[in-house]
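Read-outs throughout are calculated quantities, based only on the coordinates presented, and are distinct from any laboratory measurement. Remember, it's a predicted structure, so these values are computed and weren't measured experimentally. Reconstructed Cβ throughout: ideal geometry from the backbone, glycine too, with neighbour counts over all protein chains shown.
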There are 4 protein chains.
Amino acid sequence: MQQSTLVRLKENLELKSPILVVGLPGVGLVGKLVAEHLVDELGAEKIMEVYSPHFPPQVLINKDCTVRPVSNTIYHGKVNENDVLFLVGDHQSTTSQGHYELCSLYLDIAEELKVPRIYTLGGYPTGKLTYEDTVLGVANSTKLIEELKKYGVEFRESEPSGGIVGASGLLVAFSGMRGIDAACLMGMTPGYLMDPKSAQSLLKVLCNIFGIEVNTDSLKKKAEEMENILEKLKEKEEQQNYPEIKPTDEDLRYIG
Amino acid sequence: MQQSTLVRLKENLELKSPILVVGLPGVGLVGKLVAEHLVDELGAEKIMEVYSPHFPPQVLINKDCTVRPVSNTIYHGKVNENDVLFLVGDHQSTTSQGHYELCSLYLDIAEELKVPRIYTLGGYPTGKLTYEDTVLGVANSTKLIEELKKYGVEFRESEPSGGIVGASGLLVAFSGMRGIDAACLMGMTPGYLMDPKSAQSLLKVLCNIFGIEVNTDSLKKKAEEMENILEKLKEKEEQQNYPEIKPTDEDLRYIG
Amino acid sequence: MQQSTLVRLKENLELKSPILVVGLPGVGLVGKLVAEHLVDELGAEKIMEVYSPHFPPQVLINKDCTVRPVSNTIYHGKVNENDVLFLVGDHQSTTSQGHYELCSLYLDIAEELKVPRIYTLGGYPTGKLTYEDTVLGVANSTKLIEELKKYGVEFRESEPSGGIVGASGLLVAFSGMRGIDAACLMGMTPGYLMDPKSAQSLLKVLCNIFGIEVNTDSLKKKAEEMENILEKLKEKEEQQNYPEIKPTDEDLRYIG
Amino acid sequence: MQQSTLVRLKENLELKSPILVVGLPGVGLVGKLVAEHLVDELGAEKIMEVYSPHFPPQVLINKDCTVRPVSNTIYHGKVNENDVLFLVGDHQSTTSQGHYELCSLYLDIAEELKVPRIYTLGGYPTGKLTYEDTVLGVANSTKLIEELKKYGVEFRESEPSGGIVGASGLLVAFSGMRGIDAACLMGMTPGYLMDPKSAQSLLKVLCNIFGIEVNTDSLKKKAEEMENILEKLKEKEEQQNYPEIKPTDEDLRYIG
């Protein structure tokens, strides 16, 4: 079977211990929203593209009617003079095996670029419509857990109890075997809809960790739009005894 | 796992910058109808066959009770002294991974034969029973888009909004990385049934591009037959408040 | 991924142009019944076993509580001094790709053993409960078709119209590319239940071809048992306006 | 596709003809309960870990919020001065092909470590809510069957009639080809819920075979908890004419 393909868009990358931030599609699109927001705000530059037979066999249409394959992309930006990489994308793998293969490819890249630490970003589905300003974490070492607590990340015994499905979890678990520190940071989210509000909470914690501040206007605007939708859903819930709010995003099957 | 197999039926092919036209089964069978019609009208010659474990594990029965495996086939014809290749076939891949593998194989062949341009043909499902004489396009360069507009291809911002699934899309998106110009041309079609009328519209635009005229009698005859069926469906729709016309062709899952 | 495994049980096989008879599970188990009957009657000897990750991940329990993996098996027997091979088995592939891989493996073996001709045996589902004493055929050459007509095999234009799914079809279609003559012989069968009566018709034609006679007592006994069941089904049909006889064997998904 | 990965946690293992006991998740979790109980009671040491793209793409969360990938693990313990290995784990393969691949990997390890005998442990689903103190067996030789009868293992002609699905069966069937004796020992269990009572029966027989006694307090405690649940299910059954007790554990699809 065809392997996933890595396309390098820049030669002679000279990075100094870059932190890798992973924001792939998942519950409430929380991780994706945060990572893409940072890519925009920091003016990060596209350095690698990944294509995979484990993505849907689909192309996406740009505004000008040119097409592009479904892909995952790595951007390079600077945070306080430090190199930071962002892994974002249209889709996660559609197959179990693909999750493992892509995760392995991403960790190969991380090793090659001497990444010392990975933060994977995701959403933690609460199943409730009420909002919680909490960022939950898991990590691959207790030392890292202690460090992250200082920045406001909450760690709850054995949670998420169902584990974490998809790239956010696998990258944290397998990076330990490569000598890379890694944590998964999850914004609490109802999980039914794209959640830019939860993304704001997660972004705040991540900026805390990085010691930076970024403009969050675009996220705030998205959050307002979604809040209107959420408001309508709540009204509907009050009118009905058995609300039927169904997940509308296939990305819901990823936790994290 | 077993790879797809390319069988070369002719040695010492000497082709001069052949255009590749792809008409595999898809929505309304529009692309397949057009490409097979041209193969017939131009008397194109079979030069390659592709077998794949990603096709259904099935054989088809000829009129004389001999059998043949499900395959994709490449024909070679001449249009105004220029070489043209046609990729047609019984099926697209039944798996996501197979779409990527076969697409990669077809682009290898295109590179080997120094194909400078690819047109993939397909149908664009409108979901309506009324007929539209429009051919919609996407391409892998804005330059090609401008060129195709002159021949009556319509380009609508960000459309198809759901992207394009299957070979028609992947071939256009990935041919850019191989230095090959490519566009997907889609006839508008209700999408529920084989649509030789939409195929006629698409054929007209393609003949425009090639600067040729071809006899379309067989397509017209098929179109008349289908129109009768469509007429009956419409009558049914008028009688019922909630018509229940369901897709009858599995090819519907391909857009394009 | 793990490949299918061929285990050779006998060294230094000296076979002279052996005919290969294939009777794997399929519609009405017709092909399997015939091939296994001949293995028994001719006292054929087990010479090869095939294990595959494309078979169900299952073991079968012998009468004495020892276990054996799901497998396909090749037997060697003699018919009028001529070598004959029988390919029989517990299951066909559970995946599309596996059908292609196993078919390719079987044709490799056929080439190695210099098999000049293959007969694949199967059932042709009529969907009716009435019995037909017909054996339908398809082949990979018109010459073979003419030859088989003499032995009472019937060939109907373009039939089976839905093609043939599974090993019986693939082996016939792909053996042509290896220079091996091949035909698929199908007993007509309602297709709902194991059909030893249809197997008897098919066996008769096959014995005709081989110029032999074999004892058919065990098949007759099985046929009588099944006829009783069929009788009950017919009674049920007469009592009801809309009989609901459902396929009870998963092998029904194979035609042939 | 990515292969399964074996991680060796200890170098220079010097084992003397270690028996391998396999207790992976299956019906009633019977085999897993027994093997993990022995690992605890014997203070067995983790020596190998197996990761596989055929496991769910998921990580599990430890109590302290560190994460670990889904894995299978091999432990080494001592029983009366003899080396014993235990293969336990979070999951079996999620794919058919993975079952074959992992089974092959485990038998490679067994060969490397010169394992002379394998006991796979599982549950035999009775479908009844009443308890049976029976341990059923199958094996890869009649000699081993005779030996095991002495320890109270019951062998019933051709049972389980549906065969055994998953690692417990495949390991027994394929170990014969590697010259390794193997038996599958199954505790009778309703099969609907985790069944520590059946595990106790199976543990007793296994300890019999090993000639040891182990503390079973923790299993007894779990059994009491489950019995309360079972009691409630029975009450429910008595109240209703058509009880609807559905399997609650996905592991039910494994027999053994």
Mean separation of Cα contacts under 8 Å (at least 6 apart) over the residue count of segment C:18-120, i.e. the relative contact order in percent, is 38 percent
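For D:Thr130 and A:Glu231, FRET efficiency with R0 = 60 Å and r from the beta-carbon atoms, rounded to 0.05? Could you put the intermediate results ahead of the total?
Numbers: r = 55 Å, r/R0 = 0.91.
FRET efficiency, A:Glu231 to D:Thr130: 0.65.
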Checking the cross-link filter: which aspartates and glutamates have an alpha carbon closer than 18 Å to that of B:Lys149, excluding same-chain neighbours under 8 positions apart? A:Asp64, B:Glu132, B:Asp133, B:Glu157, B:Glu159, B:Asp181
Need the list of lysines near C:Lys232 for cross-linking: C-alpha distance under 19 angstrom, and skip anything on the same chain fewer than eight residues off. C:Lys128, C:Lys197, C:Lys220, C:Lys221, C:Lys222, C:Lys246
Output row for A:Asp108: copy-to-copy label distances, label 7 Å along Cα→C-beta, ascending, in nanometres, one decimal, is 1.8, 1.9, 2.6
Test item: C:161-171 mean partner chain Cβ contacts at 10 Å: 4
Taking only C-alpha pairs under 8 Å that are 6+ residues apart, what is the relative contact order of segment B:5-253 in percent? 24 percent
Quick one: work out Rg over Rh on the C-alpha atoms of the protein assembly as shown, Rh as Kirkwood radius. 0.98
Which is the longest stretch in chain B that no exposed loop site breaks, taking sites as trypsin sites (Lys or Arg not before Pro) with a DSSP loop state and at most 15 other Cβ atoms within 10 Å? B:157-256
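Compute the orientation-averaged projected area for segment B:1-136 from the convex hull of its Cα atoms and round it to one decimal in nm². Numbers along the way, then the final one.
On the way: hull surface 41.2 nm².
Here the figure is 10.3 nm², rounded to one decimal.
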Which lysines does D:Lys143 reach when only Cα atoms under 28 Å apart count, and residues fewer than 8 places away in its own chain are ignored? C:Lys10, C:Lys46, C:Lys63, D:Lys16, D:Lys32, D:Lys78, D:Lys114, D:Lys204
Around B:Ala182, what is the net charge, scoring Lys/Arg as +1 and Asp/Glu as -1 over all other residues with Cβ under 14 Å from its Cβ? +1
For A:Pro56, which inter-copy label distances result when the label point lies 7 Å beyond Cα on the Cα-to-Cβ vector, reported in nm to one decimal and in ascending order? 2.3, 2.4, 3.3
Would you tell me the mean number of C-beta atoms belonging to other protein chains that fall within 10 Å of each C-beta in A:86-99, as a whole number? 3
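Percent antiparallel among DSSP beta bridges with both residues in the protein assembly as shown, to the nearest 5? Spell out each step's value before the answer.
Numbers: 108 of 184 bridges.
Among the beta bridges of the protein assembly as shown, antiparallel pairing accounts for roughly 60 percent.
If each residue's Cβ is checked for other Cβ atoms within 10 Å, how do A:Asp217, C:Asp108 rank with the fewest at the top?
Ranked by crowding around the Cβ, least crowded first: A:Asp217, C:Asp108.
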Ascending count of other beta-carbon atoms within 10 Å, so fewest first, for D:His76, A:His37: D:His76, A:His37
Please figure out what share of the DSSP beta bridges in chain B is antiparallel and state it in percent, rounded to the nearest 5. 60 percent
Sorted by Cβ neighbour density within 10 Å, fewest at the top, the residues A:Tyr119, A:Tyr192: A:Tyr192, A:Tyr119
Springs between alpha-carbon pairs under 10 angstrom, Gaussian network model over chain C: which of C:Leu202, C:Leu102, C:Leu233 fluctuates most? C:Leu233
Under 5 Å, built H, 5+ apart or other chain: amide partners of D:Val22: D:Leu87, D:Tyr119, D:Thr120, D:Leu121
Amide H of B:Thr134 versus every other amide H placed in the peptide plane: which residues, excluding those fewer than 5 positions away on the same chain, fall under 5 Å? B:Met188
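Any number yet on Rg/Rh for segment B:5-253, C-alpha, Kirkwood? Numbers along the way, then the final one.
Working: Rg = 17.9 Å, Rh = 18.6 Å.
With Rg and the Kirkwood Rh in hand, the quotient comes to 0.96.
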Taking every alpha carbon pair in segment A:1-41, what does the distance histogram look like in 5 angstrom bins from 0, in percent? 6, 16, 13, 20, 23, 15, 6, 1
Find every distance from the label point of A:Met177 to the corresponding label point in the other copies (7 Å from Cα along Cα→Cβ) and write them in nm, one decimal, shortest first. 2.6, 2.7, 3.7
Please give the FRET efficiency for A:Lys150 paired with D:Glu11, using the beta carbon to beta carbon distance and R0 = 56 Å, rounded to the nearest 0.05. 0.90
At R0 = 51 Å the Cβ-Cβ FRET efficiency linking B:Ser158 and C:Asn215, nearest 0.05, sits at 0.10
